[in-house]
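Take a look at the structure below.
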Amino acid sequence: MTRIGFAPGVYDLFHIGHLNILREARRHCDRLVAGVASDDLTARLKGKVPVVPIAERLDIVRSLRFVDDAIVETELDKLITWKRVGFHVIFKGDDWRGTPKWEEYERRFGQVGVEVVYFPYTMHTSSTLLRSALRMLAAHEPPAIPSAQLAEPLHQESGQEDDVCQQQRAVHRKEDVLTAQE
């Protein structure tokens, strides 16, 4: 029997934590399906829409070599998705372990023979942290630099390179003269 795994997530601002969960999930099943939460579902679950639109998040996740398929997840209830996909194991970050929502899912999934597996949460990065950093950067964006203060593009700096080369040649000639006088 082919063991089908399911890894639901928003996968917004894709980062190493997402990659770790999907990579590890693939090691625990024969076929991995990722559920990418729709923009609407994300807004209902988290009260905010993703930064990256669903079509792009879906394409990113589908492009990973260890993801066999990715679907748009639109249902709040993961058991409705289970009926649609038919997975044997569901994967989640361990930041969800012990929450009332996932304790209920463990009970309900246990009744239909689906295993719930948690993987270590990546503490140093998350979409929430990345979103906060983007907000801070946007709020503190420096004023535009006038074009007169910008460095010249490299292709326009050739005159300066020529000056440096001429100076280096002059130093070498001077060294040659000094060596000859010794």
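Calculate what fraction, in whole %, of the accessible area of region 1-110 sits on carbon and sulfur atoms when a 1.4 Å probe is rolled over the protein chains.
That fraction is 51 percent.
Which order do you get for TRP82, TRP96 if you rank them by accessible area with a 1.4 Å probe, largest at the top? Please list the in-between numbers first.
On the way: TRP82 55, TRP96 85 Å².
The residues order as TRP96, TRP82, largest area first.
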Discussion item. So, taking all protein chains as they sit and a 1.4 Å probe, how much accessible area belongs to HIS28, in Å² rounded to tens?
Written reply: 80
Discussion item. Can you give me the solvent accessible area of LYS48 with a 1.4 Å probe, rounded to the nearest 10 Å²?
Written reply: 70
Response to the item:
Reported to the nearest 10 Å², LYS46 has, with a 1.4 Å probe, an accessible area equal to 110
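Is region 1-118 rounded, prolate or oblate when judged by the Cα gyration tensor, a ≥ b ≥ c being the square roots of its eigenvalues, rounded requiring a/c under 1.5 and prolate requiring a/b larger than b/c?
Values: a/c = 1.56, a/b = 1.17, b/c = 1.34.
Oblate, because a/c is 1.5 or more while a/b does not exceed b/c.
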Worksheet item: Quick one: Cα centre-to-centre distance for region 24-61 and region 83-124, in angstrom?
Response: 15
Worksheet item: With every protein chain kept in the model, how would you rank THR42, THR99 by accessible area, 1.4 Å probe, largest at the top?
Response: THR99, THR42
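The values are calculated or read from the model by the stated rules, or taken from the named source; none is laboratory data. No experiment lies behind these values; they were computed from the predicted model shown. For accessibility, only protein heavy atoms count, side chains too; no ligands or nucleic acids. Shrake-Rupley method; radii C 1.70, N 1.55, O 1.52, S 1.80 Å.
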